[in-house]
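Working notes, structure below.
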Amino acid sequence: MEPRVGFVGLGIMGQPMALNLVKAGFAVNCWNRTAARMEPVVQAGGLAAESPAHVAELSDITITMVRDSPDVEAVVLGRKGIIEGARAKAVLIDMSTISPQVTREIAARLKERDVQMLDAPVSGGDVGAREGTLSIMVGGEQEVFERCRPVFEALGKTITYCGPTGAGQTVKLCNQVVCGLNILAMSEGLLFGAKAGVDLRVMHQAISAGAASSWMLTNLAPKVLDRDFAPGFMVDLQQKDLKLALEAARECSATLPGTALVHQLFAALQAHGEGQEGTQALVKALERLAKVEVKA
Ligand code: NAP
């Protein structure tokens with residue numbers, strides 16, 4: 001029998017993910033703090049629950065997709081939280097990007113009630129969430145992961161088992177470190193070209209196919225040249241993730257000087273009220289230092 005799946009947190013990512021589960025034929029129970037956001041899932045055939053605890057009562061597997069570590073703690077361990085409703089042998093899958101350490105603490109609390117937890121953060125953005133093509137990085141017991149595989153397959157394309165509890169979050173933070181530095185590399189190349197006076201579209205075309213190529217150079221550099229700073233991924237969310245990465249790195253004595261620099265440059269954008277812009281806006285922090293505008 002198909003497991004009944006609960007979904008808590010129907011934001012930019014969570015709502016299309018819950019809809020994909022309904023589409024895949026799962027019986028979906030959902031809850032969202034702002035009730036109106038449950039409406040599209042209910043219209044598609046899902047059921048609106050009264051609280052995270054109620055979602056867990058109705059479900060074999062409950063997914064959380066909220067924002068940060070304290071938010072996952074609130075919906076799992078807080079009043080009317082998932083822990084109050086979950087039955088023995090149920091599974092919680094947290095797909096938010098949060099702290100690996102907090103993940104291990106929540107998993108330990110759930111284990112006392114015989115509830116299993118997987119951390120399964122994603123990359124691929126709102127487009128991946130809508131199209132069911134997310135990349136999913138999973139930590140926890142492998143046997144539990146295998147049991148939940150059909151749920152992951154309804155949400156993503158690349159599904160990777162990364163290791164014990166917290167490993168999924170750690171891998172996701174590694175992803176964010178590499179992305180952050182690639183955004184800086186892309187921005188610095190463009191800034192140098194602009195200041196030196198070369199044709200930036202020609203430069204972009206020339207270096208995109210070679211050793212400098214990256215997702216950021218392919219997808220974000222053209223936006224910078226068009227002065228399009230609308231968010232694919234927002235500066236504020238990237239900052240949340242880099243802060244998590246720097247904290248986790250400190251806990252294991254890893255030195256991440258490049259990440260610290262990128263975190264500070266994004267902080268300068270936030271100070272200018274640009275936290276809701278896309279991460280390609282990093283170029284603006286460099287532009288202010290070099291007194292130049294990067295455009296085609
Ligand atoms: P979002 O649109 O801001 O949605 C956040 C959701 O969490 C909303 O449903 C919100 O409820 C709920 N929420 C937040 N704090 C809560 C609390 N304390 N109690 C109860 N509900 C709470 O964020 P998102 O873009 O979907 O991101 C969700 C997670 O996915 C984040 O961890 C993010 O880093 C990660 N992620 C995002 C992307 C992306 O491109 N957006 C890509 C990969 C990973 P309300 O509706 O009431 O506000």
*Can you tell me which residues in the range 1-50 are in contact (Cβ under 8 Å) with a residue 60 or more places away in the chain, assigned to a loop (DSSP other than H, G, I, E, B) and within 12 Å of the ligand (Cβ to nearest atom)?*
Gly9, Ile12, Met13
_Single condition Gly273 does not satisfy, out of (1) within 16 Å of the ligand (Cβ to nearest atom); (2) free of Cβ contacts under 8 Å to residues at least 40 places away in the same chain_ = (1)
*Positions within the range 101-126 being touching a residue at least 60 places away in the same chain (Cβ under 8 Å), open to solvent by 10 Å² or more (accessible area, probe 1.4 Å) and over 10 Å from the mean Cα position of the chain (by Cα), in sequence order*: Gln101, Arg104
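Just the residues that are outside any strand (DSSP E or B) and under 21 Å from Ala120 (Cβ atoms), please, taken from the range 54-71. Break it down stepwise before answering.
Within the range 54-71, the first condition is being outside any strand (DSSP E or B), and the residues that meet it are 54-60, 65-71.
Of everything in the range 54-71, those that are outside any strand (DSSP E or B) and under 21 Å from Ala120 (Cβ atoms) turn out to be Val55, Ala56, Leu58, Ser59, Asp60, Met65, Val66, Arg67, Asp68, Ser69, Pro70, Asp71.
Somewhere in the range 218-229, is a residue within 16 Å of the ligand (Cβ to nearest atom) and on the phi > 0 side of the Ramachandran plot?
Residues of the range 218-229 that are within 16 Å of the ligand (Cβ to nearest atom), as a first pass: 219-220, 223, 229.
Checking which are on the phi > 0 side of the Ramachandran plot leaves us with none.
Looking through the range 218-229, none of the residues is within 16 Å of the ligand (Cβ to nearest atom) and on the phi > 0 side of the Ramachandran plot.
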*Considering only the range 72-91, state which residues are more than 10 Å from the ligand (Cβ to nearest atom) and not in a helix (DSSP H, G or I).*
Arg79, Lys80, Ala86, Arg87, Ala88, Lys89, Ala90, Val91
_For the range 93-125, which positions are touching a strand residue (DSSP E or B) at 6+ places or on another chain (Cβ under 8 Å) and either away from the ligand (no atom under 16 Å from the Cβ) or assigned to a strand (DSSP E or B) (or both)?_
Ile93, Asp94, Ala107, Leu110, Lys111, Val115, Gln116, Met117, Leu118, Asp119, Val122, Ser123
_Within the range 58-71, tally of residues that are more than 9 Å from the ligand (Cβ to nearest atom), among the aliphatic types (A, V, I, L, M) and open to solvent by 20 Å² or more (accessible area, probe 1.4 Å)_ = 1
*Is at least one residue of the range 177-188 in the same structural domain as Ile106 (by TED's automatic domain parsing), surrounded by fewer than 21 Cβ atoms within 10 Å (Cβ to Cβ), acidic (Asp, Glu) and not in a strand (DSSP E or B)?*
no
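The values are calculated or read from the model by the stated rules, or taken from the named source; none is laboratory data. Bear in mind the structure is a predicted one, so any value in this text is a computation, not a measurement. Cβ atoms come from the backbone with ideal geometry, glycine included; neighbour counts cover every protein chain shown. Surface accessibility is based on the protein's heavy atoms, side chains included, excluding ligands, DNA and RNA. Shrake-Rupley method; radii C 1.70, N 1.55, O 1.52, S 1.80 Å.
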